[in-house]
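The values are calculated or read from the model by the stated rules, or taken from the named source; none is laboratory data. Everything numeric here is computed off the predicted structure, so don't read it as measured data. Cβ sites come from the backbone with ideal geometry, for glycine too, and all protein chains shown count toward neighbours.
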Amino acid sequence: MTVFQISTITLLVLSFGIFSLSFGRIVRIISLAKPRNRFRDFLKRAFVFNEHVLLHKKMFRQFVPGLLHFIIFWGFVILTAGTMEWMYYGITGGQHFHFLGHTGYAAFSFAEDLFNFLVFLAVAAAFYRRIVIKPKRMADNSFKSKADAYFILSLIWGLVITNLLTHSISIHNGTDEFAAYQPIAAALAQIWPQGPVSENVYLFFWWAHLAIVLGFLNFLPYSKHFHVIVAAPNVWFSKLEPRGQLSFPNLEDETITKFGAEKVNDLSWKNLLDSYACTECGRCNEFCPTTTTGKELRPKTLMINLRAAVTEQAPISLALNGKVADEAALAKMSPEQRACYEKELVPGTFSDQFIWDCTTCGACVEACPVLIDHVDAIVDMRRALVLNKGSNPEEATTAFRNFETVSNPWGFNESTRQEWLTEKGVPHYEADQNFEFLYYIGCAGSFDDRNKKVVDSVVKILQSANVKFGILGKEEKCNGETVRRMGNEYLGQQMMKANKETLEKYKVSKILTSCPHCFNTLKNEYPEIGGSWEVIHHSEYINELIAAGRIKPDGGKMKNVTYHDSCYIGRYNKIYDEPREIIEAVTKEKPIEMERSKEKGFCCGAGGGRMWMEEKTGTRINVNRAEEVIASKAETVCVACPFCMTMVTDGLKSKAREDIKVRDISEIVAEALP
């Protein structure tokens, strides 16, 4: 064995050994967090992996940066194969991957040469974007984050340059029989002076390439670019359950003394993996309503600070092997170690305001190219505040009390629930009456005067189509959606169980609802407690009735209509087309699309319990949305959610634009019926 081979093997063993220690430490840190089963459904996970890792589906929503990243990603894959060949060359003392056969190695050589060039151009473009264009979503990146990015891009540049130069020397010296398949390296071969280039020059670039690769590898665990390694696993282990489904902790387990995420290790291992996978690209901030309106919460900051908290507490967590420290263990800690161990996520890492700002709209989750779930982490921290400490905004306390005592947030007497519908002769749901639907009205439709008009419109449509349906009247209970997202998991589960008992009592099989929050919870969360019904939103069903000819709205009387997407039927349940098709059926025109629509739709500000809490920082989210409605030049804005109805209406009032009408899609259909 030559000195060259021994040197190569020694360097590789040391480098991979050091990396294994660093990587293994992070894996162990993540594994000590709370369990979460993400090891089922191999085929579904493979499909998601293909979409979001191999094809970069979300990245291509912004074409130029998506294309650049796609090239760098696949270039990195090809270059890794090329680097493995260089390692093989060093270990064997000069052999290449010729075992691939002539055709195989020719294809390999061409791919490596092509992607060397493409990656070089893509990195140059990435530098240009960061230095000259300066995307707004990266404006708040710290100096460390920017320096990290420039350093990594420089290393990638170094990799492709040394690779190309090394190949160019072989081609220049006439020792590479596959030169015809490497046009870029062959062109570079012209830079060398006439006559053979010294083998020492060749080895200089060969060693430089290997040193950059191994340095890059060992820098990654301490860089935000660790996502190069963990982003793909993060996508693989992403949430396959419906996006609108929160985790369902077992509150009856007597061994559990605290709930939610009070400290770092109270989060699940997937939450911690999320923090390491964060690329700090800022796409989440770009679409977040709280970030847009100047509030404290920034989804990117959530991940950055969470990763910092994990790193800070890692030595103690590892020493305790993830166990809770007893008095003896606490006594052995220094004051600094004990303070670090006892540091809580709120307020130690995040302020109360930061956690309570969230509307749970899911814009951050939708935007994230590596499928981080910010909302689940925030809700878990809210659970810890509410269930362990009784700490929540004052308005939330009032809402909790009203939900608990009379099953609605306003505190209205339960006996008055839906009584106006009963007085109109709308039948009570009975199991033996062959009803097609239970119309689940929800709290807003039952008590809010404006949203009662929406319910009246839905009833008129159903009756016009001769749909046999019933209501529960005063027996209907709130479904528990809002209190769960406000962190009061105990009350939420109580409400869900009570509601489920009522629905089972009447042997309900199919539910229609006008509220996206009721829809999402009944459809996606009740199965966790055994509730199994077909749940349909009124936008879906009204569209079906029109398509089937069961109702025939006399359209064409309205002009200049836009549509505001509700987060809970839009992003959470992918209902985008049906409301638009309804508007087109009535107006005979496609609705005006606001810039932020469909997947990029902007929250009204009411979700996550924010409907019942005052906005005290930044500008109001609903005002921001109202300004976009005004800019669209629409005369009417249609909604399909009672919360959106209230928030958009109030936003337009604040801008003195009450001339712009806010209508539910059911109202424009009901008015167009003969």
Suppose we keep only residues that are in a strand (DSSP E or B) and touching a Lys or Arg at 6+ places or on another chain (Cβ under 8 Å) within the stretch 615-663. Which one would you say is nearest to ASP565 (Cα to Cα)?
VAL639
Can you name the condition, by its number, that GLU286 falls short on among (1) closer than 26 Å to LYS389 by Cα; (2) at pLDDT below 95; (3) within 20 Å of the chain's Cα centre (by Cα)?
(1)
Kindly state which helices (runs of 4 or more DSSP H) lie completely within the stretch 271-353 and contain at least 1 residues that are buried (at least 24 other Cβ atoms within 10 Å of the Cβ) and among the hydroxyl-bearing types (Ser, Thr, Tyr).
289-292
Any idea how many residues of the stretch 531-548 are loosely packed, with under 14 Cβ neighbours inside 10 Å and modelled with pLDDT under 95?
1
Given the conditions (1) closer than 25 Å to VAL406 by Cα; (2) out of contact with any Lys or Arg (no Cβ under 8 Å at 6 or more places or on another chain), which single one is not true for LYS468?
(1)
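Residues are listed down the side, and each one gets a yes or a no for (1) modelled with pLDDT of 90 or more; (2) farther than 14 Å from VAL264 by Cα:
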| site | (1), (2) |
| --- | --- |
| GLY294 | yes, yes |
| THR301 | yes, yes |
| ASN305 | yes, no |
| ALA308 | yes, no |
| LEU330 | no, yes |
| GLN337 | yes, yes |
| THR349 | yes, no |
Selection count, the stretch 289-309, where residues are touching a helix residue (DSSP H, G or I) at 6+ places or on another chain (Cβ under 6 Å) and closer than 24 Å to VAL230 by Cα:
9
Can you tell me which residues in the stretch 476-492 are touching a residue at least 40 places away in the same chain (Cβ under 8 Å) and outside any loop (DSSP other than H, G, I, E, B)?
GLU481, THR482, VAL483, ARG484, ARG485, GLU489, TYR490, LEU491
With the structure loaded, tell me whether LEU114 is in contact (Cβ under 8 Å) with a residue 60 or more places away in the chain and either touching a helix residue (DSSP H, G or I) at 6+ places or on another chain (Cβ under 9 Å) or of a type outside the set (D, E, K, R) (or both) or whether it fails that test.
yes
Test VAL623 against the criterion of being out of contact with any Leu (no Cβ under 6 Å at 6 or more places or on another chain), outside the structural domain of PHE60 (by TED's automatic domain parsing), surrounded by 24 or more Cβ atoms within 10 Å (Cβ to Cβ) and within 30 Å of PRO409 (Cα to Cα), and give yes or no.
no
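Conditions (1) more than 30 Å from VAL310 (Cβ to Cβ); (2) in the same structural domain as ALA149 (by TED's automatic domain parsing); (3) not small (Gly, Ala, Ser), marked per residue:
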{"site": "ARG28", "(1), (2), (3)": "no, no, yes"}
{"site": "ASP41", "(1), (2), (3)": "no, yes, yes"}
{"site": "LYS44", "(1), (2), (3)": "no, yes, yes"}
{"site": "HIS52", "(1), (2), (3)": "no, yes, yes"}
{"site": "MET59", "(1), (2), (3)": "no, yes, yes"}
{"site": "PHE63", "(1), (2), (3)": "yes, yes, yes"}
{"site": "LEU68", "(1), (2), (3)": "no, yes, yes"}
{"site": "VAL77", "(1), (2), (3)": "no, yes, yes"}
{"site": "THR80", "(1), (2), (3)": "no, yes, yes"}
Quick check on my filter: what residues within the stretch 353-375 are of a type in the set (D, E, K, R) and under 17 Å from VAL483 (Cα atoms)?
ASP357
Go through (1) closer than 26 Å to PHE120 by Cβ; (2) touching a residue at least 24 places away in the same chain (Cβ under 8 Å) one by one and return the number of the condition LEU32 breaks.
(1)
When both residues are 6+ apart or on different chains and their Cβ atoms are under 7 Å apart, which pairs have a first residue that lies in the stretch 54-71 and is modelled with pLDDT of 85 or more, and a second that is among the acidic types (Asp, Glu) and loosely packed, with under 15 Cβ neighbours inside 10 Å?
LYS57/GLU51
In the stretch 245-259, what residues are polar (S, T, N, Q) and touching a Lys or Arg at 6+ places or on another chain (Cβ under 9 Å)?
GLN245, SER247
If you go through the stretch 424-445 one residue at a time, do you hit one that is under 20 Å from GLU671 (Cβ atoms), touching a His at 6+ places or on another chain (Cβ under 6 Å) and among the aliphatic types (A, V, I, L, M)?
no
Hey, can you tell me all the residues within the stretch 1-45 that are more than 30 Å from ASP380 (Cβ to Cβ) and part of a loop (DSSP other than H, G, I, E, B)?
MET1, THR2
Taking the criterion of being of a type in the set (D, E, K, R) and either touching a Cys at 6+ places or on another chain (Cβ under 7 Å) or in a helix (DSSP H, G or I) (or both), would at least one residue in the stretch 173-180 satisfy it?
no
Are any residues in the stretch 64-98 among the hydrophobic types (A, V, I, L, M, F, W, C) and under 14 Å from PHE178 (Cβ atoms), and if so, which ones?
PHE97
Looking at this structure, is SER532 under 29 Å from LYS633 (Cα atoms), of a type in the set (Gly, Ala, Ser) and assigned by TED's automatic domain parsing to the domain that holds THR649?
no
Would a scan of the stretch 394-413 turn up a residue that is within 26 Å of SER238 (Cβ to Cβ) and not in a helix (DSSP H, G or I)?
no
Residue satisfying condition, being at positive phi, free of Cβ contacts under 8 Å to residues at least 24 places away in the same chain, not in a helix (DSSP H, G or I) and not polar (S, T, N, Q), within set GLY94, GLY101
GLY94
For PRO579, are the conditions met, namely being touching a residue at least 40 places away in the same chain (Cβ under 8 Å), buried (at least 22 other Cβ atoms within 10 Å of the Cβ) and outside any helix (DSSP H, G or I)?
no
Out of VAL459, VAL454, report the one residue that is buried (at least 24 other Cβ atoms within 10 Å of the Cβ), part of a helix (DSSP H, G or I) and on the phi < 0 side of the Ramachandran plot.
VAL454
